[in-house]
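Contents: one structure, followed by commentary.
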Amino acid sequence: MSLSKQTEALIDSLQEEMVDIRRHLHMHPELSHQEVETPAYIAERLEEMGVEVRRGVGGRGVVGTIRGGKPGKTIAFRADFDALPIDDQKDASYKSTVPGIMHACGHDGHTAGLLGFAKAMMAIKDELPGTIVLIHQFGEELSPGGARAMIEDGCLDGVDLVFGAHLQSKMESGKVYLRDGYLQASEDAIKINVFGSGTHGAEPHTGIDPILAASHIMVALQSIVSRNADPLKELVVSIGKFQAGDADNVIPSKAVMEGTIRVFDPELRKLASDRVRSVAENVAAAMGARAEVIVETGYDSLWNHPEAAEIVRTSARPVVGEDNVIDIDPIMPVEDFSYYTQARPGAFFFIGAKMADEALVYPHHHENFDFNEDAMNTTAKVFASIYFNAQQAETDSAE
């Protein structure tokens, strides 16, 4: 069973509704782990469609279930719904009504696309093989995220395959992007407190300068990538925050650095974390100072199962065209969809959502962020095509 012209037309007929949903969510954003009205709104929309709904999954998540009229696999699709602490500055009728909070990453579009897909599937429920699980996830933007809590609370129970998509404002609309294997990096947050002994800036010999020690640590940390890591494996160690002192003629007693480790390979991740600690502590000691290193573990790297990624490719080509399904290099931003593909075979992919007007194209997490709303239609169609192709693969293997 493949995606029919009738199903495509049905999804097309829901475009205006998906836009309305997206704009409602965009105007009423809620921060990660603080979502109250958003999950209630999603649950109510699903219940209006006749979807079985479970609320409060993992804390704030919503899971919908559509049981088809024929036997088959259980396929899950995930959309996140949290917003960011950014003030919406774009000139649009649907800009955020909540000061300092906006959907600046497309999660409102993910939710609308999954709801559109759900409504289309409910219209042909009796014809469907298997079961569809709709995972509406909270808290993706802020570790520990919502994925693990929802998985622990059973959102993947009985699921055979899991898929997710992310709209991308700087990728060409009407195209789908993915890869086998590692797609997105893991993240660990670094905090290094360097302790010295404060003194007058005119008498540095009477104290221990933590700024000087921290500066040498920051330079030495770059040796982890250049001298400790396999040059054929991706690794980033970056310091993005450096704070010390309050006056120009005072050497302070403490300097603080914060940064990030981004990597794909789990063994290299551990090596990098260990080396950050060793480098910081030993460089500080060599200069008479003391370093306290805190490494907070963030999301794991996201791995796409090759068989599931191939289902995405096969399914997306009839929707967007043979040449518009593109294999890409892995990227360093993180995503807690990684925990779904650790628990079940699955794949994550990107939907191009670039605005037609170049003047309106901004990166994710920008105060003027927006996206081409046609991408929600593409998302819903690709989800539907994936569902039917995954079921057909089950039939083919059984035969």
Problem - Calculated Rg/Rh (Cα atoms, Kirkwood Rh) (choose from (1) 0.99; (2) 1.23; (3) 1.05), label - result: (3)
Completion exercise
So residue 152 and residue 92, fully extended at 0.36 nm per residue minus their Cα-Cα distance, gain in nm 17.7 nm
Fill in the blank from the handout: Two pseudo-spin positions, 7 Å from Cα along C-beta at residue 70 and at residue 285, lie apart in nanometres by 6.8 nm
Completion exercise
Heavy-atom accessible area of residue 65, protein chains in place, probe 1.4 angstrom, given in Å² to nearest 10, is 30 Å²
Practice task
Could you pull out every whole DSSP H run in the chain that spans at least 15 Å of Cα extent along its own axis and averages 1.0 or higher on the Kyte-Doolittle scale?
Solution key: 210-223
Problem - Relative contact order for the chain, counting Cα pairs under 8 Å that sit 6 or more residues apart, in percent - result: 23 percent
Practice task
Let me know the shape class of region 105-190, please: from the alpha-carbon gyration tensor, a ≥ b ≥ c as square roots of the eigenvalues, rounded when a/c is under 1.5, otherwise prolate if a/b is greater than b/c, or oblate.
Solution key: oblate
Completion exercise
Counting only protein heavy atoms with a 1.4 Å probe and every protein chain in place, the carbon and sulfur fraction of the accessible surface of the chain in whole percent equals 49 percent
Exercise for the section: Tell me the label-point distance for the pair residue 126, residue 232, using the 7 Å Cα-to-Cβ offset, in nm and rounded to one decimal. Expected result: 5.8 nm
Problem - Accessible surface, the chain, averaged per residue in Å² (probe 1.4 Å) - result: 42 Å²
Handout entry: Fully extended contour minus Cα-Cα distance, from residue 223 to residue 367, at 0.36 nm per residue
Key = 48.3 nm
Exercise for the section: Just grab the label-to-label distance for residue 55 and residue 270, each label 7 Å out from Cα along the Cβ direction, in nm (one decimal). Expected result: 4.4 nm
Exercise for the section: Among 232, 84, 268, determine the one that fluctuates most according to a GNM of the chain built with springs between C-alpha atoms less than 10 Å apart. Expected result: 232
Exercise for the section: Please find, in a Gaussian network model of the chain (springs between Cα atoms separated by less than 10 Å), the residue of 389, 377, 282 whose mean-square fluctuation is greatest. Expected result: 282
Problem - Sequence-distant lysines (8 or more away, or on other chains) whose Cα lies within less than 22 Å of residue 95 - result: 170, 354
Problem - MRE, 222 nm, helices only [DSSP H, n ≥ 4, -39500 (n - 2.57), over the chain, to nearest 500] - result: -11000 deg cm²/dmol
Problem - Estimated FRET transfer efficiency when R0 is 41 angstrom, pair residue 34-residue 393 (beta carbons, to 0.05) - result: 0.55
Handout entry: Potential lengthening between residue 243 and residue 332 on full extension [0.36 nm per residue; Cα-Cα distance subtracted]
Key = 29.5 nm
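Quick check on the chain: of the DSSP beta bridges with both residues there, what percent are antiparallel, nearest 5%?
Values: 46 of 70 bridges.
Antiparallel bridges make up about 65 percent of those DSSP assigns within the chain.
The values are calculated or read from the model by the stated rules, or taken from the named source; none is laboratory data. Keep in mind that this is a model prediction, so the values were computed, not measured. Positions of Cβ are backbone-derived with ideal geometry, glycine not excepted, and every protein chain shown enters the neighbour counts. Just the protein is used for accessible areas: all its heavy atoms, side chains included, with ligands, DNA and RNA removed. Shrake-Rupley method; radii C 1.70, N 1.55, O 1.52, S 1.80 Å.
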